[in-house]
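All remarks here apply to the structure that follows.
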Amino acid sequence: MTAPLPEFPAGFLWGVSASAFQIEGSLTADGRGPSSWDAFTVEEGRVKDGSRADVATDHYRRYREDVALMAELGVGAYRFSVSWSRVLPEGHGRVNDKGLDFYDRLVDELCASGIAPVPTLFHWDTPLALEKEGGWLVRDTAERFAAYASVVADRLADRVPRWITINEPAEVTLLGYGLGEHAPGRRLVFDALPAAHHQLLAHGLGVQALRAAGAREIGVAVSHSPVWTAGDTDDDRAAAELYDTLTNRLFADPLLTGAYPAGLASLLPGPVADDLRTISEPLDWYGINYYNPMLVGAPRPAADASTEAPTAGSSFGGIEIPPDLPFDIRQIEGRELTDFGWPVVPDGLRELLATMRERYGDRLPPVCITENGCSYGDGPDRETGRIDDARRIAYHDGHVRALHEAMAEGTDVRGYFIWSILDNFEWAEGFRQRFGLVHVDYETLARTPKESFAWYRDLIKSGR
């Protein structure tokens with residue numbers, strides 16, 4: 001028998017998450033302009049199953065059905081993203097009122113159902129017009145973002161209690177500009193660092209614009225992972241420290257302390273000292289996306305590399321790793337893997353939150369887990385139609401317990417959002433990975449709640 005889940009404080013926020021490009025579809029409807037991901041997905045070989053997001057889960061037309069599912073689930077909040085190019089087809093200038101009208105309707109539907117809307121203003125889908133002008137490698141994109149934030153807040157701030165500026169700037173920097181595995185498909189390696197700085201600057205300018213428009217409770221959503229050292233040599237420790245700096249501290253340090261990690265500021269563009277004052281605008285809360293720890297060591301000679309573990313020049317979790325990086329990402333042994341190949345380590349969430357608390361102290365605002373989830377491909381039983389995704393239930397059960405332990409240890413955590421409410425278009429994986437509490441038949445678009453949906457509904461209802 002599984003022990004009862006621990007009790008969470010009154011007012012703890014249980015939610016679900018999704019993003020525009022992954023679920024909306026209707027990529028050319030009502031004046032929407034193309035994004036960097038529109039262009040990326042039509043390039044041969046970019047998406048592993050060759051699929052595109054033209055329809056995705058058709059949330060643009062079926063949002064009422066999806067909000068009804070959330071109401072049945074009983075969540076207190078829905079974290080969605082706004083498609084920048086649906087609102088500003090060129091990324092700046094002319095406002096597309098029909099695009100804004102969709103988010104107006106969505107927010108109204110959520111409010112009428114007692115679900116707090118939590119919009120993310122940028123979740124990877126840069127307007128293609130801005131990408132062609134340099135995207136996040138140029139400073140202008142940060143300033144365009146602030147103007148876009150003002151447009152959205154002017155329309156929605158009266159009904160939106162919480163805001164997220166930017167989602168996972170590390171992934172856009174490293175996967176989009178550094179390794180070329182995501183849009184825009186650039187392979188700049190360390191020359192991608194300006195994209196990190198300009199996203200952080202866009203965040204700070206966006207916070208200022210949102211507050212000027214009357215928005216409240218502003219945060220950010222940053223991916224973080226504990227970094228474990230793979231060996232016991234000085235080289236292994238140096239490699240793990242570098243990886244931690246590039247994936248964790250490069251983003252959290254400037255946001256929370258107003259300074260870059262030692263040695264990085266000189267590699268970044270613009271008036272860095274002035275920009276850091278903007279980047280470190282005080283936050284009302286800090287969003288953390290957690291999936292798994294990373295095991296990192298020094299690069300190994302090819303002759304010594306294990307054929308079973310990812311090494312430099314191979315892949316990890318579907319991401320191709322160049323052979324010339326100064327660290328080597330290893331597989332964590334002895335752990336169950338999700339269908340994405342990610343290790344299941346619930347206690348890594350507790351460890352991460354302890355590290356954040358120790359590293360930033362009083363500078364760390366109240367935390368919200370803005371993403372946590374797992375990919376498992378369980379489908380409907382042929383006879384009953386039931387979707388028994390027991391592995392997903394076990395995953396979230398373990399992570400909720402780890403989260404409660406972190407709170408007992410002193411981390412101020414205010415909410416937990418499951419990724420994702422629906423199976424959806426999983427970026428470069430296409431439709432191969434299913435993260436949803438609700439199964440989507442991609443041919444009929446029928447929605448079927450999984451057993452994990454019922455588990456989460458019961459958890460929320462019990463107050464535990």
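The values are calculated or read from the model by the stated rules, or taken from the named source; none is laboratory data. Since this is a predicted model, take the numbers as computed values, not measurements. No Cβ is skipped: glycine too gets one built from the backbone with ideal geometry, and neighbour counts run over all protein chains shown. Side chains are part of the model used for accessible areas, which takes the heavy atoms of the whole protein and leaves out ligands, DNA and RNA. Shrake-Rupley method; radii C 1.70, N 1.55, O 1.52, S 1.80 Å.
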*Which members of the stretch 241-251 meet the condition of being aliphatic (A, V, I, L, M) and surrounded by fewer than 22 Cβ atoms within 10 Å (Cβ to Cβ)?*
Leu242
*Of the residues that make up the stretch 151-165, is at least one more than 30 Å from Arg357 (Cα to Cα) and either buried (at least 24 other Cβ atoms within 10 Å of the Cβ) or of a type in the set (S, T, N, Q) (or both)?*
yes
*Applying the selection to the stretch 260-280, what residues are open to solvent by 20 Å² or more (accessible area, probe 1.4 Å) and within 21 Å of the chain's Cα centre (by Cα)?*
Ser280
_Residues of the stretch 364-394 that turn out to be acidic (Asp, Glu) and surrounded by fewer than 19 Cβ atoms within 10 Å (Cβ to Cβ), as a count_ = 4
_Residues satisfying the stated conditions in the stretch 139-149, i.e. in contact (Cβ under 8 Å) with a residue 12 or more places away in the chain and surrounded by fewer than 19 Cβ atoms within 10 Å (Cβ to Cβ)_ = Arg139, Glu143, Ala147
*Return the only residue of Glu336, Glu358 being surrounded by fewer than 17 Cβ atoms within 10 Å (Cβ to Cβ) and either farther than 30 Å from Pro261 by Cα or of a type outside the set (D, E, K, R) (or both).*
Glu336
_Can you say whether Leu121 is outside any strand (DSSP E or B) and under 20 Å from Ile218 (Cβ atoms), as far as the supplied structure shows?_
no
*State whether one or more residues within the stretch 404-422 are closer than 24 Å to Glu24 by Cα and in a loop (DSSP other than H, G, I, E, B).*
yes
*Considering the stretch 1-59 alone, what residues qualify as being under 19 Å from the mean Cα position of the chain (by Cα) and either farther than 30 Å from Val95 by Cβ or surrounded by fewer than 18 Cβ atoms within 10 Å (Cβ to Cβ) (or both)?*
Leu13, Trp14, Val47
_Ile387 - would you say it is part of a loop (DSSP other than H, G, I, E, B), β-branched (Val, Ile, Thr) and at pLDDT 95 or above?_
yes
